[in-house]
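I have placed the structure first, in the form of structure tokens, so that the comments after it can refer back to it.
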Ligand SMILES: [Zn+2]
Ligand SMILES: [Zn+2]
């Protein structure tokens, strides 16, 4: 895999952070522009007693400062031999807060880093990382959205979002719907993702806490940063076609015919970027047959949809318009013809059904022109299109116990 997500992996101990900073801090006090690695290796062994036990190689010693670099407290120069580094202004503020025992200030500085820095790419600690995913942002956001996350849960999210390129909200839903046995992480990345060191440091510092095998926010973080975290994007840049604006909820794709056109057009694109299910898999059957989950936007009751089911329906239709196979659009980023998904019985009708209607039997692959026609055309035009679609889906709907005749469908939901 070309893209790789690298995170500091040597140590998450706050002692290592403080000891590293102290060396760079003192070097800067002496007026030195840089502090070279040979000196650092020699001195860090004196500061951290656990390092003196047994032979430790050079890179291991240098990596005691990895998390200081990760959070922008130390700047590293990769271009020289031996390597060299110096404390940043942020690092100086952090270390001064440490010297004056101002813990809140230390936490605020680290939180500022998490909220504003890039971690997956262009981070000073992990030069070779090449990922859109900012792991520390993902960690905190997942805690908020899931009300706590385990190590294994975090590992799974990192794998699914970075390696499988599944959108954050789909990944969160997947996590809540599956148990540990169902979540497979390939052996090559399992260790890397389940032994993440920055979570250890954040917990030692007091940004997070670990209780009953789950990470939670501390009272401080909750009080000061809950909303920032809730609204953060977990990507270091806005990946094309991935909606992060509203990734905390699944948006019904038909929403693009409501007022917020721009946001909803983005949500439409999310369908293209998410993955399909194997329709013989248990996971798919579970999702297709799940219980409807509602949420409210203002006073309006809405139902969560699973973009992956829509994507699966489009894929099964071989990316063709169900009205007329000769309708063409353009090639999407995935290399397939762009098609949209339409719920024949619209999602707003979910309240009239006990069975989940966000399901493959109710979803149609359709070109954007026909899709607009269904929602925005005049009565005769809509009638014509919908009759075709109804005839196409009638048996499938019956097979899952949804018995609705065409007249009822049209008069109730499309007039
Ligand atoms: Zn539609
Ligand atoms: Zn069409």
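Here are a few things to note about the model shown:
- Identity of the residue in segment 326-354, within 15 Å of ligand 1 (Cβ to nearest atom) and not in a loop (DSSP other than H, G, I, E, B), that ends up farthest from residue 409 (Cα to Cα): 340
- Being over 35 Å from the mean Cα position of the chain (by Cα), surrounded by fewer than 18 Cβ atoms within 10 Å (Cβ to Cβ) and in contact (Cβ under 8 Å) with a residue 12 or more places away in the chain is a property that does not hold for residue 43.
- Residue match in segment 170-191 (condition: in the same structural domain as residue 216 (by TED's automatic domain parsing), out of contact with any helix residue (DSSP H, G or I) (no Cβ under 7 Å at 6 or more places or on another chain), modelled with pLDDT of 90 or more and not in a helix (DSSP H, G or I)): no
- Here segment 313-356 is the region considered, the condition is being touching a helix residue (DSSP H, G or I) at 6+ places or on another chain (Cβ under 9 Å) and over 30 Å from residue 401 (Cα atoms), and the residue that is nearest to ligand 2 (Cβ to nearest atom) is 327.
- Filtered by the rule that a residue be near ligand 2 (Cβ under 9 Å from one of its atoms) and either farther than 8 Å from residue 340 by Cα or over 31 Å from the mean Cα position of the chain (by Cα) (or both), segment 360-380 gives 369, 370, 373.
- Number of residues in segment 64-94 that are out of contact with any helix residue (DSSP H, G or I) (no Cβ under 8 Å at 6 or more places or on another chain) and over 15 Å from residue 22 (Cα atoms) equals 5.
- Enumeration of residues in segment 121-161 that are touching a strand residue (DSSP E or B) at 6+ places or on another chain (Cβ under 6 Å), under 23 Å from residue 206 (Cα atoms) and crowded, with 21+ Cβ neighbours inside 10 Å: 142, 143, 149
- Screening residue 123 on (1) assigned to a helix (DSSP H, G or I); (2) within 23 Å of residue 4 (Cβ to Cβ) shows it passes everything except condition (1).
- Screening segment 355-378 for residues that are within 10 Å of ligand 1 (Cβ to nearest atom) and within 16 Å of residue 394 (Cα to Cα) and picking the one that is surrounded by the most Cβ atoms within 10 Å (Cβ to Cβ) gives 363.
- Breaking point among (1) in the same structural domain as residue 165 (by TED's automatic domain parsing); (2) under 30 Å from the mean Cα position of the chain (by Cα), for residue 49: (2)
- The set of residues in segment 307-330 being surrounded by fewer than 17 Cβ atoms within 10 Å (Cβ to Cβ) and out of contact with any strand residue (DSSP E or B) (no Cβ under 6 Å at 6 or more places or on another chain) consists of 316, 318, 324, 325, 326, 327, 328, 330.
- If only residues of segment 381-403 that are out of contact with any helix residue (DSSP H, G or I) (no Cβ under 7 Å at 6 or more places or on another chain) and not in a helix (DSSP H, G or I) are counted, the one that is farthest from ligand 2 (Cβ to nearest atom) is 401.
- Helices (runs of 4 or more DSSP H) contained entirely in segment 2-64, each with at least 2 residues that are at pLDDT 85 or above and under 23 Å from residue 206 (Cα atoms): 14-29
- Only a single criterion out of (1) at pLDDT below 90; (2) under 28 Å from residue 167 (Cβ atoms); (3) out of contact with any strand residue (DSSP E or B) (no Cβ under 8 Å at 6 or more places or on another chain) is not satisfied by residue 304, namely (3).
- Segment 365-389 residues that are more than 16 Å from residue 322 (Cα to Cα), paired with ones that are more than 10 Å from ligand 1 (Cβ to nearest atom) (beta carbon under 8 Å, 6 or more apart): 377/385; 379/415
The values are calculated or read from the model by the stated rules, or taken from the named source; none is laboratory data. Since the structure is predicted, the reported quantities are computational estimates derived from the model, not experimental observations. Positions of Cβ are backbone-derived with ideal geometry, glycine not excepted, and every protein chain shown enters the neighbour counts.
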